[in-house]
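Remarks on the structure that follows.
The values are calculated or read from the model by the stated rules, or taken from the named source; none is laboratory data. Please read all numbers here as calculations on a predicted model, not as lab measurements. Cβ: placed from backbone, ideal geometry, glycine included. Neighbour counts: every protein chain shown. What goes into the accessible areas is simple: the full protein's heavy atoms, side chains included, and nothing from ligands, DNA or RNA. Shrake-Rupley method; radii C 1.70, N 1.55, O 1.52, S 1.80 Å.
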Amino acid sequence: MPDLLDQIDGPVERFIADGAYDGSPTRDFLATRLGEIVEVIIPPPKTAVQGPQSAEDPSIRDRHIAEIETKGRMAWQKSTGYNKRSRVETQMGRWKAVIGPKLKARHFGNQKTDAKIGVHVLNRMTELGRPQLKRVA
């Protein structure tokens, strides 16, 4: 994870990751590296329980567990924005299926052009697949 965060130049407001990152080491590292103000959204496992301090001073994780218990996992995903992560994964899957798993060019400038062309192709394909509504007079 440190190598991934090293690639980010600007400030981070929200960190969304899958359940594999759930745990104190990840949360402690993120607090140290990005600060306490960053919103961390990591789904707790189905067997997760709130910590002993949750009644007096609930952590973000405790609040997530409580919300999942009361409203359900899908409602939690929507309220936290976690569902955006699956949209990104779906888009990356489309990219790999249509464009390929890696860029073809060797030089960075050409790789940027490769990526721009790929994005244009995917956006065009997405636009072609959208229904067009026409108002009937």
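Here is how the numbers come out for the structure above:
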{"quantity": "Label point distance in nm, Q111-V12, each placed 7 Å from Cα along Cα→Cβ", "calculated": "2.1"}
{"quantity": "Residues of region 1-70: accessible area per residue with a 1.4 Å probe, Å²", "calculated": "68"}
{"quantity": "Region 67-137: C-alpha gyration tensor shape, a/c 1.5 cut-off, then a/b vs b/c", "calculated": "oblate"}
{"quantity": "Heavy atoms of E89 accessible to a 1.4 Å probe, total area in Å² rounded to 10", "calculated": "100"}
{"quantity": "Rough spin-label spacing in nm, given labels placed 7 Å along Cα→Cβ, for V88 and N123", "calculated": "1.9"}
{"quantity": "Region 1-134: translational diffusion in µm²/s, Stokes-Einstein, Kirkwood Rh over Cα pairs, 4 °C, 1.567 mPa s", "calculated": "72"}
{"quantity": "Table column - 3J(HN,Hα) (Hz), region 32-41, Karplus curve with 6.51, -1.76, 1.60, x for Gly and Pro", "calculated": "5, 7, 10, x, 6, 7, 5, 7, 9, 10"}
{"quantity": "Heavy-atom accessible area ranking, 1.4 Å probe, most first, across F15, F29", "calculated": "F29, F15"}
{"quantity": "Fraction of accessible area attributable to carbon and sulfur, the chain (%, probe 1.4 Å)", "calculated": "56"}
{"quantity": "Protein-only accessible surface order, largest first, of W95, W76 at 1.4 Å", "calculated": "W95, W76"}
{"quantity": "Heavy-atom accessible area ranking, 1.4 Å probe, most first, across L4, L30", "calculated": "L4, L30"}
{"quantity": "Accessible-area value, T90, 1.4 Å probe, nucleic acids and ligands omitted, Å²", "calculated": "70"}
